[in-house]
Amino acid sequence: MKRAVLASANPGKLRELAALLVPAGFELLSQAALGIGSVPETGTTFLENALLKARHAAAAAQLPALADDSGIEVDALGGRPGVWSARFAHPGASDEENLARLLAELAGVPEPRRTARYQCVAVWVRSADDPEPLTGTGTWEGRIALAARGSGGFGYDPVFIPAGEQRTAAELSPDEKNRVSHRAQALAALVAALEARGVYSRP
Ligand code: IMP
């Protein structure tokens, strides 16, 4: 059993991270349950922001910490919103506001030019000042739908159609999404790195 604090306050993400890691034998404590607040995401890359979050939670909890930073890159927008995905409409925006802003910016862009991808970087630190964090990355290719569909997942899922699919990510079951998503890929890579370091062995 590997105990760690999960450095996220996003309920959608916490659900997915727990579904992916608890069966692998991790005991995860959410930072909110430990009374730990969030840290400003001042980095300009997913890796920088994931590290900021992991170090902050590790310092406050005095435990190893796992964080992920993720977002969506839209080709027709030059890769925006990227690391600003959670605050695309404005700081503190809801998922609905961000999604509406994305559809508005893509108004008139035809389907072949609506390509996009989710990116995720997952980070594990043993302590706040760990000099050698472990990382895993994942990419999920797809395109942005013309209108929102489905009620599963979170964030931009109602407008993200994974490559090879007709359904949006919000129309996939949680299990389907967790088999292929950017977050699932990043965590699988991170778990492999933890195994290679001997921190973790498969149950
Ligand atoms: P952060 O990693 O907490 O800074 O925020 C990531 C943001 O990217 C989320 O708030 C969503 O807007 C978006 N995002 C990341 N992963 C997903 C996903 O799996 N589905 C939908 N939106 C996502």
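Give, in nm to one decimal, the length gained when the segment between residue 104 and residue 196 is fully stretched (0.36 nm per residue of separation minus the Cα-Cα distance).
28.6 nm
Would you work out the relative contact order for the chain, in percent, from Cα pairs under 8 angstrom that are 6 or more residues apart? Mind showing how you got there, number by number?
Details: 410 pairs, mean separation 38.2, N = 203.
Computed over the chain, the figure is 19 percent.
Using only C-alpha positions, report the orientation-averaged shadow area of the convex hull of the stretch 47-203, nm², one decimal.
The number I arrive at for the stretch 47-203 is 10.2 nm².
Could you calculate the FRET efficiency of residue 115 with residue 3 from 1/(1 + (r/R0)^6), where r is the beta carbon distance between them and R0 is 30 Å, rounded to 0.05?
Rounded to the nearest 0.05, the efficiency is 0.15.
Jot down the radius of gyration and Dmax of the stretch 36-138, Cα atoms only, both in angstrom.
Cα-based Rg and Dmax for the stretch 36-138 come out at 15.7, 50 Å.
Arranged by the count of other C-beta atoms within 10 angstrom, fewest first, what order do 44, 135 take?
So the ranking, lowest neighbour count to highest, is 44, 135.
How big is the antiparallel share of DSSP beta bridges in the chain, given as a percent to the nearest 5? Walk me through the numbers before you get to the answer.
Numbers: 24 of 31 bridges.
If we restrict to bridges inside the chain, about 75 percent are antiparallel.
What spacing in nm lies between the two simple spin-label points modelled at residue 32 and residue 165, each 7 Å away from Cα in the Cβ direction?
It works out to 2.4 nm between the two label points.
Where a number appears in this text, it was derived from the coordinates with a stated rule and is not lab data. The structure displayed is predicted, hence computed values, not measured ones. Neighbour counts run over all protein chains shown; Cβ positions are idealised from the backbone, glycine included.
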